[in-house]
Amino acid sequence: MTPIIGFAGYSGSGKTTLLEQVIPQLKQLGIRVGLLKHSHHSIDPDTPGKDSYRLRHAGCAQTLMATKERHMLYFEYPEPDRDEPELQACLKQFDHSQLDLILVEGFRDQPFEKIEIHRPSYGKPLLYPQDSHIIAFATDGNCPDDCTLPQLDLNKPEAVAAFIADWLAKGN
């Protein structure tokens, strides 16, 4: 299985913004990156009225749209009381032969290695004291006095990318 590392933090902490800056840095280092983003909101990246939308909503359980630029695979789950997606089930859907690393945004409470994203000005609680899988602390402020994790600057995505590349090179 491809190594995974997560970005964990509360909504509004800057996870997506940081990932958007870190991914090109990792790509420049020759790392082939996949991304898994978990959302608690309903999404539909298709366009109502387009053939793909109409056909997908005709009743298919799975729909694969393919162009020369990309493939998009949709899974439909009509059960309204369905549980949240499972991390491992989502990871199995990737073509691991094309990836060196999968970055995960979300699945904060799952047991895998993560970087905590924390902005003290937001006043949210810290995650690392209750999560032994957090391996680094990224912040735009000071690291708490009792934190022994490597500290990363949210405003230096190249340093975050370097940390991830080093972590990956160590065989994680």
> Roughly what would the spin-label model give for residue 11 and residue 146, points 7 Å off Cα along C-beta, in nm?
Replying inline: 2.9
>> Tell me the mean residue ellipticity at 222 nm calculated for the chain from its helices only (DSSP H runs of n ≥ 4, each -39500 (n - 2.57), averaged over every residue, nearest 500).
In response: -6500 deg cm²/dmol
> Using alpha-carbon positions, what is the distance between the centroids of the range 121-135 and the range 65-113, in Å?
Replying inline: 24
> So how far apart, in nm, are the two label points at residue 76 and residue 93 if each is 7 Å from Cα heading toward Cβ?
Replying inline: 1.5
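Given a Förster distance of 25 angstrom, what is the FRET efficiency for residue 28 paired with residue 109, based on the Cβ-Cβ distance and rounded to 0.05? Let's see the in-between values first.
On the way: r = 32 Å, r/R0 = 1.28.
With R0 = 25 Å, the Cβ-Cβ based efficiency is 0.20.
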>> Let me check I have the definition right: for the range 100-172, take the eigenvalues of the Cα gyration tensor, multiply each by 5, take square roots. What are those semi-axes in whole Å, largest first?
In response: 20, 15, 11
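Going highest first, how would you order 111-122, 90-101 by mean Cβ packing within 10 Å?
Details: 111-122: 18.5, 90-101: 13.3.
The most tightly packed comes first, giving 111-122, 90-101.
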>> To check you understand DSSP bridge types, tell me what percent of the beta bridges within the chain (both residues inside) are antiparallel, rounded to 5.
In response: 20
>> Give me the base-10 log of I(q)/I(0) for the chain at each q in 0.19, 0.20 Å⁻¹, Debye formula, one uniform scatterer per Cα, rounded to two decimals.
In response: -1.30, -1.38
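Every read-out reported here was derived from the displayed coordinates using simple, explicitly stated rules and does not represent laboratory data. What you are looking at is a predicted structure, and each value in this text was computed from that prediction instead of being measured. So basically every Cβ, Gly included, is an ideal-geometry build from the backbone, and we count neighbours across all protein chains shown.
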